[in-house]
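Taking it in order: structure first as structure tokens, then the write-up.
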Amino acid sequence: MISAASDISSPVGVIAGGGAMPFAVADSLSRRGIAPVLFALRGACDPARVGRFRHHWISVGQLGRATKLFRSEGCRDLIFIGTLLRPALSEIRLDWGTIRVLGRVWAAFRGGDDHLLSGIGRILERDGFRMVGIRDVAPEILMPEGNIARAAPDAAAEADIAKGREVLGALGPFDIGQAVVVIDGHVVAVEDIEGTDGLLARVARLREAGRIRARSGRGVLVKAPKSGQDLRFDLPTVGAKTIEGAARAGLAGIAVIAGNTIAADSQAMIELADRSGLFIQGLSA
């Protein structure tokens with residue numbers, strides 16, 4: 001994929017899901033002199049925070065309404081960002097613009113999250129829009145390479161990181177998840193529909209139940225994009241909540257792919273990691 005970073009046109013349409021990231025992206029665009037227009041997804045985007053920006057509300061299934069709004073605002077470049085609970089097709093209220101491409105929408109839903117997002121992205125691109133990614137519009141919020149907290153991984157943690165990368169590489173084609181916990185060479189848990197926070201909570205419960213024998217302070221959370229993933233969509237994300245979860249799970253630290261992982265509020269992450277004695281490592285792609 002060729003980067004569009006040098007060719008971004010203003011305004012940029014931010015299709016905004018839940019969480020803080022849509023607003024971090026909008027702020028980043030504003031600092032660069034590029035006007036953001038937020039297209040807030042009902043039931044996901046924060047109504048209190050979206051008011052700071054020019055915005056419109058759209059619903060999942062309103063491709064027709066959305067494309068008209070994108071054009072009326074002059075948004076050639078679009079980015080998906082933020083969390084979204086995957087709806088069932090039966091829950092979506094379709095407009096005529098969606099019904100027109102229903103076969104392609106159905107095909108997009110028949111797969112994992114990356115398949116869904118890239119499928120919807122292709123539909124929009126066929127309508128003349130261009131999908132861009134975080135690396136194009138807000139590269140400063142991506143994880144840098146190297147250790148960013150005071151602690152550093154020891155030899156055991158480095159071996160766990162290598163094992164975690166191998167596991168994620170093998171699972172990638174199945175579009176299952178983007179994270180795994182490895183402790184002393186043992187794959188303890190793999191991310192599923194509950195997400196990374198649920199994964200870490202599960203590891204904490206396993207420790208409390210005595211199912212994990214390794215002492216606290218060992219093991220690593222490893223996150224990476226799925227192999228073959230379109231890196232414009234659904235990049236792995238870590239933040240302060242990830243560090244809190246890793247600490248409760250008794251891990252030594254987290255390791256993610258530099259340049260391909262969103263680091264939400266990196267300063268808060270570092271402060272929490274330093275207080276907990278955890279490392280945060282950005283891995284070369």
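The values are calculated or read from the model by the stated rules, or taken from the named source; none is laboratory data. Predicted model, so just to flag it, every value in this text is computed and none were measured. For neighbour counting, all protein chains shown are included, and Cβ atoms are generated from backbone atoms with ideal geometry for every residue, glycine included. For accessibility, only protein heavy atoms count, side chains too; no ligands or nucleic acids. Shrake-Rupley method; radii C 1.70, N 1.55, O 1.52, S 1.80 Å.
The residues listed here are ALA149, ALA162, ALA179; of these, the one that is open to solvent by less than 60 Å² (accessible area, probe 1.4 Å), at pLDDT 95 or above, under 15 Å from the mean Cα position of the chain (by Cα) and not hydroxyl-bearing (Ser, Thr, Tyr) is ALA179.
Checking each residue in segment 13-36 for being surrounded by fewer than 23 Cβ atoms within 10 Å (Cβ to Cβ) and outside any helix (DSSP H, G or I) picks out GLY17, GLY18, GLY19, ALA20, ARG32, GLY33, ILE34, ALA35.
Using the structure shown, decide if ARG49 is farther than 18 Å from ARG232 by Cβ, open to solvent by 60 Å² or more (accessible area, probe 1.4 Å) and in contact with a helix residue (DSSP H, G or I) (Cβ under 7 Å, 6 or more places away or on another chain).
Working: farther than 18 Å from ARG232 by Cβ: yes; open to solvent by 60 Å² or more (accessible area, probe 1.4 Å): yes; in contact with a helix residue (DSSP H, G or I) (Cβ under 7 Å, 6 or more places away or on another chain): yes.
When the stated conditions are applied, ARG49 passes them.
So which residues in segment 235-285 are of a type in the set (Asp, Glu) and open to solvent by less than 20 Å² (accessible area, probe 1.4 Å), if there are any at all? Break it down stepwise before answering.
Looking only at segment 235-285, we keep the residues that are of a type in the set (Asp, Glu), and these are 244, 265, 271, 274.
Listed by number, the list is empty, since nothing qualifies.
Only one entry in ILE193, ILE243, ILE257, ILE262 is over 24 Å from ALA24 (Cα atoms) and of a type in the set (Val, Ile, Thr), namely ILE193.
Comparison of LEU283, LEU272, LEU171 shows that the only residue that is in contact with a strand residue (DSSP E or B) (Cβ under 9 Å, 6 or more places away or on another chain) and modelled with pLDDT of 95 or more is LEU283. Of the candidates ARG232, ARG215, the single residue that is in a loop (DSSP other than H, G, I, E, B) and farther than 27 Å from VAL137 by Cβ is ARG215. Among the residues of segment 218-234, those that are more than 14 Å from the chain's Cα centre (by Cα) and open to solvent by 40 Å² or more (accessible area, probe 1.4 Å) comprise ARG218, SER227, GLY228. Inspect all residues belonging to segment 38-50 and state whether any of them is hydrophobic (A, V, I, L, M, F, W, C) and touching a residue at least 60 places away in the same chain (Cβ under 8 Å). Among the residues of segment 38-50, not one is hydrophobic (A, V, I, L, M, F, W, C) and touching a residue at least 60 places away in the same chain (Cβ under 8 Å), which makes the answer no. Just checking, does segment 133-142 include any residue being modelled with pLDDT under 95 and assigned to a loop (DSSP other than H, G, I, E, B)? Yes, that holds for at least one residue.
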